[in-house]
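Quick note: the coordinates plus some simple rules give every number you see, no bench work behind them. Please read all numbers here as calculations on a predicted model, not as lab measurements. Cβ placement follows ideal geometry from the backbone for every residue including glycine, while neighbour counts extend to all protein chains displayed.
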């Protein structure tokens, strides 16, 4: 179960270093955070979902991780699903550098070489070698890019997203605002829907401007029927 590009669901809050100096990402309105969500498949709680954005070794570079941990009988199918994107952030854009995913039975390993403009790696035992264009994202980095675009007020209508071994075009639409109840209290949110061209599956995410546009809710549906949902439980900065 993955919310990436189709999905997809990244993310950050305003913050400064304890010493008072800001990183390049903080200057862009993005800062490290970790959030926990309750995860539901259709109407059944299947476990928890965790998002974490943390600094990497080099300034301006970050690691963004999404982990779904199953509970109860659902552990028989997949105990844990992990996706991770290494990326850089500046004031205007997010650029993915490498992406890894593992659900216990299959894995995806992709590296983005922006000098040669190629993405190479292995996706579920299949080789990948694709041409990159400016703005191409992976299924995790797209979430951080949307956060940054919402803050800057310039969310593009389409994105090219590398999903496994294929580049896919997704349409992004701001559907308005809503005040919703969460475990963090009542929050004003901006609703963004994403959908692959020609596909009936839609991902909606609710971003809270007061939290630096951190996502507080997500729902994925197909043909109008809810498949998967995440609702925020806690947030650490």
Between the alpha carbon centres of region 110-149 and region 180-204 the gap in Å comes to 24
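Compute the FRET efficiency between residue 179 and residue 102 as 1/(1 + (r/R0)^6), taking r as their Cβ-Cβ distance and R0 = 30 Å, and round to the nearest 0.05.
Values: r = 37 Å, r/R0 = 1.25.
Efficiency at R0 = 30 Å is approximately 0.20.
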To check my understanding: the extent here is largest minus smallest coordinate of the Cα atoms along each principal axis. What are those three numbers for region 24-236, in Å, largest first?
46, 42, 37
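How would 106, 221 line up from fewest to most surrounding beta-carbon atoms within 10 angstrom?
On the way: 106 11, 221 16.
Going from least to most buried by this count: 106, 221.
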Tell me, in nm to one decimal, what length is gained between residue 90 and residue 54 on full extension, where the rule is 0.36 nm per residue of separation less the Cα-Cα distance?
11.5 nm
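Quote to one decimal, in nm, the extra length available between residue 38 and residue 186 on full extension: 0.36 nm per residue of separation minus the C-alpha distance between them.
Numbers: separation 148, 0.36 × 148 = 53.28 nm, distance 1.71 nm.
So the extension gain works out to 51.6 nm.
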